[in-house]
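Trainee: Dumping the structure here so I can ask a few things about it.
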Amino acid sequence: MADISAKLVKDLRDKTGAGMMDCKKALQESQGDLEKAADWLRQKGIASAAKKEGRVAAEGLVDSYIHTGGRVGVLVEVNCETDFVARREEFKNLVRDVAMQIAACPNVEYVRVSDIPAAIVAREKEVEMGRDDLAKKPQAIREKIVEGRIDKRLKELSLMDQPFIKDQNTSIEELVKAAIAKLGENIQVRRFSRFVMGEGIEKEETNFAEEVAAQAGRS
């Protein structure tokens with residue numbers, strides 16, 4: 001994989017307006033070639049999507065997905081700019097795909113990494129710093145290892161960082177950006193709730209072996 005410098009990432013960002021992480025990925029996919037990376041971003045719809053991200057998206061849909069058997073359900077709100085786009089089949093399909101993704105990802109709790117509260121990030125760092133496998137490592141090494149682990153953990157909690165269940169080579173963020181490029185409007189996943197049958201209910205534990213033995217003793 002080509003060595004991607006911060007300056008090269010900045011040059012591509014200035015050229016396309018795409019986000020830093022998108023630029024870095026484009027350069028990695030293009031072996032550090034600036035022009036090919038710009039083409040990659042355009043093909044993915046990311047360059048044009050970046051220009052629309054600041055626009056107000058207050059229309060859209062609230063949709064639901066109930067998994068087979070009715071044991072997992074999802075409500076999700078996805079916003080766009082106009083009611084016209086909200087009624088288009090492409091947008092409806094996107095919302096359904098996002099809802100299905102949430103149902104399939106029990107660890108996902110937030111839309112994006114930036115939504116995760118600082119207190120949770122600090123707690124995760126504290127847990128990682130206290131792990132036995134890091135105890136004898138120098139502080140600077142520990143910090144670097146923990147940073148990598150925290151980054152991975154936070155992405156596990158973030159919907160936008162998940163590989164799309166229908167195409168593992170595409171993230172949900174890339175899926176949304178492709179829809180932005182196609183539909184010509186800013187699109188944002190705003191919020192969601194995931195419901196699991198019986199979650200949070202303290203269930204009575206039954207020992208069937210003891211029950212059978214007790215019943216036998218009374219007969």
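Each value in this text was obtained by applying a stated rule to the coordinates, not by laboratory testing. This one's a predicted model, so the numbers in the text were calculated from it and none came from an experiment. Neighbour counts run over all protein chains shown; Cβ positions are idealised from the backbone, glycine included.
Trainee: Distance in nm between label sites at E29 and D3, each 7 Å beyond Cα in the beta-carbon direction?
Mentor: Roughly 2.5 nm, to one decimal.
Trainee: Separation between the K182 and E156 pseudo-spin-labels, each 7 Å from Cα along Cα→Cβ, expressed in nm?
Mentor: So the label points at K182 and E156 sit 3.2 nm apart.
Trainee: Take M197, M160 and order them by how many other Cβ atoms sit within 10 Å, fewest up front. Each step should come with its number before you reach the end.
Mentor: On the way: M197 11, M160 21.
The order, fewest Cβ neighbours first, is M197, M160.
Trainee: First check a/c for the stretch 139-207, with a ≥ b ≥ c the square roots of the eigenvalues of its C-alpha gyration tensor; if it is under 1.5, answer rounded, and if not, answer prolate when a/b is larger than b/c or oblate otherwise.
Mentor: oblate
Trainee: Further, regarding this structure: Mind listing the phi-derived Karplus ³J(HN,Hα) values for the stretch 175-184, rounded to whole Hz, using 6.51, -1.76 and 1.60 with θ = phi - 60°, and x for any glycine or proline?
Mentor: For the stretch 175-184, the Karplus-derived couplings read 4, 5, 5, 5, 5, 4, 5, 6, 8, x Hz, x marking Gly and Pro.
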